[in-house]
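Participant: What follows is a structure written as structure tokens; I'll ask about it next.
The values are calculated or read from the model by the stated rules, or taken from the named source; none is laboratory data. Small disclaimer: the values here were computed from a predicted structure and weren't measured. Surface accessibility is based on the protein's heavy atoms, side chains included, excluding ligands, DNA and RNA. Shrake-Rupley method; radii C 1.70, N 1.55, O 1.52, S 1.80 Å.
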Amino acid sequence: MSKRLTKRQKRLLREQGVIDIKNRINHSKFNIVDITKHYDLTKRQNKVIAAYDDNYHLVLHGVAGTGKTFLSLFLALQDVVEGHDDYNKVYIMRSVVPTRDMGFLPGSAKQKAQVYEEPYKMMCNELFNRGDAYDVLKSKNMCEFLTTSFLRGTTFNNCIIIVDEINNMSFHELDSIITRVGKDCRIIFCGDYRQSDLTDSYERSGLGRFLDILNNMGGFMRFEFGIDDIVRSDLVKDYIIQRLEYIE
């Protein structure tokens, strides 16, 4: 693993008064909600936080409603806003390849992408308990939404990259993302193969091949989320249980 201090070590140093937490927004009312204190997290979600604190890259995979993206945004934005490390920005990446469904939406490519950006806006606003949080983060250049369509030639440094809905990405897209990662970066992959919108069998198999490669690499921790991790609502949990039983 990296020789940089882990968040556990930095937390101890903060408690000893050696280093300070700095709100990079410099606004007393712009503080992220500590979800470890305000939400009932599952054992697996707590293990994810522990692995992140130990400087691992993450793969969060499993059924819907288990908080994979929400948890990832919390960890990433907490680091960036509170200045825990050298990360300056959070990138949220998602596939909106025009040959699927984006091309049928009106407007420019940027306007089309805004439809896919909306869930992250809602999550950020909830994490900071204010309706303009996402807009503030973007205006401060601390958060940016990107599509996989325009990554060629880009190198990402000093940032945290959240790759969401990996179940809808081909191997080529996933490969393009990870080969863009530069110095002092963290990357988190989130998704659920059960919800893939890909129709081509070879494209659908790309995620499995990509995860096999990550499994053979050092520095990654993979977590499989199941029924017991569903936190979105009781309705969603009951539905997924019944759906799985129906499919089986």
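Participant: Can you pick out the pairs among Lys68/Lys183; Lys89/Lys183; Lys43/Lys68; Lys89/Lys121; Lys29/Lys140 whose Cα atoms lie more than 23 Å from each other?
Facilitator: Correct reply: Lys68/Lys183.
Participant: When ligands, DNA and RNA are left out and all protein chains stay put, how many square angstrom of accessible area per residue does the range 206-248 have with a 1.4 Å probe?
Facilitator: Value for the range 206-248: 69 Å² per residue.
Participant: Between the range 217-231 and the range 127-168, how far is it from one alpha carbon centroid to the other, in angstrom?
Facilitator: First find each Cα centre; the distance between them is then 22 Å.
Participant: Would the range 109-248 count as rounded, prolate or oblate if I go by the C-alpha gyration tensor, calling it rounded below 1.5 in a/c and otherwise prolate when a/b exceeds b/c, oblate otherwise?
Facilitator: The shape class here is oblate.
Participant: Put one equal scatterer on each alpha carbon of the range 153-207, apply the Debye formula with no solvent term, and list log10 I(q)/I(0) at q = 0.17 1/Å to two decimals.
Facilitator: Treating every Cα as an identical point scatterer, log10 I(q)/I(0) equals -0.55.
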